[in-house]
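A short reminder: the numbers here are calculations on the coordinates, not readings from a lab. Since we're looking at a predicted model, the values are computed, not measured. Neighbour counts are summed over all protein chains in view; Cβ atoms, including those assigned to glycine, are modelled from backbone coordinates with ideal geometry.
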Amino acid sequence: MKNNTLKLSEKEKNIIRLLASEIAEIASKDHQSEFARLWTLHNDLKITRPLVLVFPEGSWRELLPESELESESVFARNIERELRKIIYYDRFLRDENPIENNFDVPITVKNSGYGLYPVVTKSSQSDGAEHFEQVIRGIEDIEKMHLPEVQVDWEDSYKKLEFFQNLFGDILNVRLVGHYEWWCSPIDEYAKLRGLDQLYYDIIDAPELVHEYCKRYVEARIHTIKELERQNALTLRIRNEYVGSGGNSYTNDLPYIGYDGKHVRTIDLWGFATAQMFSEVSPEMHEEFAIQHEKKFLSLFGLNCYGCCEPLHNKLEIIIKHIPRLRRISISPWANIEKSAEILQNNYVFSWKPNPTILAGESFNPEFVKEQIKSFCERTKGCITEIIMKDTHTVRNEPQRIHEWVKITRQVCSDFT
């Protein structure tokens, strides 16, 4: 977002201010603070009933089509779209996502990168798969990697802040927030640069390549966030912030001991790592090639999340063994629920991701949803669970499917307090 784009017509200002006023009204409702209270207890490992969130992601184009936007400029439409999404949650989705009267303005950060970049061939279909060209052909390519130059542009950051404060700072709490470099996925990034098939060959035939890339990648990630810390460009993330691969970041366990109230450190934040490309790789190889590198990055953070779409039920012991201050673990649609529950118990947040094909199939079956959620809740009694519906790339142009899924799921979960 460049400063020369910070322009709105009077019509666009009025549209956006009306939406901001509606959000402020929604945020004032009593149930928002109750949601926040429940998420705090949940993330602090105090047992509550299973909590429910939905992230429409790819299906937003079906829930909130472009034709519903009233603004004309691209800049205004982007703002309007984000505000309308928040309102849509309150009107239709109605999960347990607390809506706050905050509007975040991200700090501007210039990052030179670390020297290697994916080369992508896009599909002719708008939602088709992408092909990643091979960028790493040998150790000489990995040796091109370097620590990035990271510089906060405070002048640009405060100009943006001033613009949005003038736009609707009398309605919403406009905040300048840090550029959050909380994630680390060396194996997944290696696959984008080397090729997925070649990654699997390399862990047998050329392990030194994989280790050298992962080492340098993690060093670059650590350097980036430590530079942001040094430049005082980090922000506490203990409110309604997306964390890990799904969930909210409310907690009383952050900031960490020694926080001075002014300078946010990495230890005051949530961290996250994942190795989705190792879905079917053995626990021993996952430990050797992924976790031993990821844990160096995660050691910086006060609370950590692990996993995304990869099934982790056979790897939970090594994850728990190695990851410091582990709090949330993703249990994907392909993971064994019973085994995961037996290991996690009430010591970690059990972040379950139901299969989104429930919403994307030829038809939607409410009774199946009810039985599936009930079965999950029964099999995970005593665990600290959350149910996160995400990766919903389509609802077959039937938005009511996702509305109904949330309604059914919350109803079933209410019986498992």
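Inter-label distance, N102 to I87: 2.2 nm, where each label sits 7 Å from its Cα along the C-beta direction. Entry note, region 287-417: relative contact order of 21 percent, from Cα contacts under 8 Å with a spacing of 6+ residues. By the rule of a C-alpha distance below 16 Å, with chain neighbours fewer than 8 residues away ignored, the lysines paired with K13 are K160. Legend: distances between Cα atoms for K7/K110; K315/K407; K110/K390; K110/K226; K46/K321; pairs beyond 24 Å are K315/K407; K110/K390. Taking Cβ atoms as reference points and 14 Å as the exclusive limit, the residues near S33 contribute a net charge of -1, counting Lys and Arg as +1 and Asp and Glu as -1. Which of rounded, prolate, oblate describes the chain, given a ≥ b ≥ c as roots of the alpha-carbon gyration tensor eigenvalues and a/c under 1.5 marking rounded, otherwise prolate only if a/b is larger than b/c? Rounded is the answer for the chain, as its axis ratio a/c remains below 1.5.
Each Lys and Arg contributes +1 and each Asp and Glu -1, all at the Cβ; summed about the Cα centre of the chain, the dipole is approximately 880 debye. Qualifying trypsin sites (Lys or Arg not before Pro) in region 331-417, where qualification requires a DSSP coil assignment and no more than 14 other C-beta atoms within 10 Å, comprise K381, R396. Gain on full extension, evaluated as 0.36 nm per residue between T417 and F75 minus their Cα-Cα distance, stands at 118.7 nm. Treating r as the C-beta distance of L147 and Y256 and R0 as 30 Å, the FRET efficiency rounds to 0.75. Counting Lys and Arg as +1 and Asp and Glu as -1 over every other residue whose Cβ lies under 12 Å from the Cβ of I136, the net charge comes to -2.
Each residue in H403, H286 was given a count of other beta-carbon atoms within 10 angstrom of its own, and listing them fewest first yields H403, H286. Comparing Y89, Y213, Y201 in a Gaussian network model of the chain where C-alpha atoms under 10 Å apart are linked, the largest mean-square fluctuation is found at Y201. Using the structure shown, list the pairs from K192/K295; K159/K295; K29/K374 with a Cα-Cα distance above 26 Å, or answer none. Checking Cα-Cα distances, K159/K295; K29/K374 exceed 26 Å. Restricting the GluC sites (Glu not before Pro) of region 79-135 to loop positions (DSSP other than H, G, I, E, B) with no more than 11 neighbouring Cβ atoms within 10 Å leaves E130, E133.
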